[in-house]
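Report on one structure; see the data block that follows.
Just so you know, all these numbers are worked out from the coordinates, no wet-lab data involved. Just so we're clear, the structure is a prediction, and the values are computed from it rather than from any experiment. Using ideal geometry, Cβ is built from the backbone for each residue, glycine included, and neighbour counts are taken over all protein chains shown.
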Amino acid sequence: MFRLFLSFIAALAILSAPVRAQTEDQPTGTITVEDSATQDAAIAVRIRDILSELGGYEDVTVTVSSGIVTLRGTTLDNASAARLNEIAGRVEGVVTIQNKVVETTDVVERLNPAMQRFSDRLKQFIAYLPLLSVAMLAFLLVVVLGFFIARRKRPWDRLAPNSFIADIYRQLIRLAAIIAGMVVALDILDATALLSTILGAAGIVGLAIGFAVRDTVENFIASIMLSIRQPFRPNDAIEIGGDEGKVIRLTSRATILLNWDGNHVRIPNSTVFKSRILNYSRNPERRFQFDLGVAYGTDLAQALTLAHDTTNALPFVLDSPAVNVWLTELGGSDIGLRVTAWIDQRETSILQARSEAIRQVLASFEAVGIEMPEPTYRVLTGDLETPAAPIAATAPDSAPAFSVNANAEQELAEIVEQEREAMKHEDLLNRDGAAEE
């Protein structure tokens, strides 16, 4: 009865004591009525044996009184100290646990485990060296094989429409060889799960870089599309976004034009791909037009017929499509007249053809007395004088012939050919390849 009273007093003392921070994982269940010093000693011995086997608890002391386990000492970290509650709580007969173990601040004790871990990893690395050498050899063999295949001229030059696309094929083969080599090497090391982590990280990095250099990526993709579609050929006369000239070359970054002043115009391929491209050289037949004005009172039927016949009689004008002439507007001092005709621009310069057609029609009009009036202005003065009549131009007796041929733009074409020959290794255009329809 007295012993029961002492146990009751001890329990009250424990319950009335302040709660410590490390009281997690306390044992649960019914507390036995009997108290045994032999049992306390057995509990202490059992906990000490467990801690000695685990390691890292050499500085921890264990005392047991009436089933109450008191732990004192130091450990390397708080996690190890908190784990003591779980260990001691599983021993039979433990009523409660007072964990007074703290984290050690001794430098030597904290460095020893790190040195031990380093030593263990070094030994593990040395043990893995033969397997790692085999994996590295397999990786190198796969990569060398892939690079050898990529370096071959065939079949890539035959499959690709130009050298730029062939180089892209080769880069893809090299990348595939590197990835295949990594898969084989990691499979030998039984670490294929690491590949998904590497590829995932590479994908995230690639996405970030893609956003950062979006314009560069867009320009690169446009270069690929233009080199495949071939919307123009070397020496074609084209207009892109208001820039006119002859095509020198298409590079992996830009389209190079030689404008009519002999200057280089460099247009980014992303701009070319999105712009409206006007190709003057795609069709051999090309139309030119010019406007004239005749005076009021002119026989319009005669003027239309004369302009048509004069233009149609020119040797460089094609019969089909036919010459067309019509009236356009009623001006302040004249009536507008428009003439259109077609030429073969492979044989005739369109600028010189238009110039010669204008000259011949003007000569024909002047020969029959069709007036080409100048603008008339009435100036009112204080005396209200009558304005003087305009002076008509004297028509020439005849219009001498003027040579019109296709050599007018030959100088520019020769400059383009010289430029292409000097930088032909950078050109993505193919004279004989299929062009975009």
>> I need the phi-derived Karplus couplings for region 302-313: 6.51 cos²θ - 1.76 cosθ + 1.60, θ = phi - 60°, integer Hz, Gly and Pro marked x.
In response: 5, 5, 5, 5, 5, 5, 5, 5, 5, 5, 5, 7
> Which shape class applies to region 112-212: rounded if a/c is under 1.5, otherwise prolate when a/b exceeds b/c and oblate if not, where a ≥ b ≥ c are the square roots of the Cα gyration tensor eigenvalues?
Replying inline: oblate
> Can you put Ser196, Ser227 in order, fewest other beta carbons within 10 Å first?
Replying inline: Ser196, Ser227
> Once the piece of chain linking Lys153 and Ile204 is laid out straight, how much longer is it, given 0.36 nm per residue of separation minus the C-alpha distance between them?
Replying inline: 15.0 nm
> Can you sort Phe164, Phe125, Phe290 so the residue with the fewest Cβ neighbours within 10 Å comes first?
Replying inline: Phe125, Phe290, Phe164
> What is the order of Phe220, Phe365, fewest Cβ neighbours within 10 Å to most?
Replying inline: Phe220, Phe365
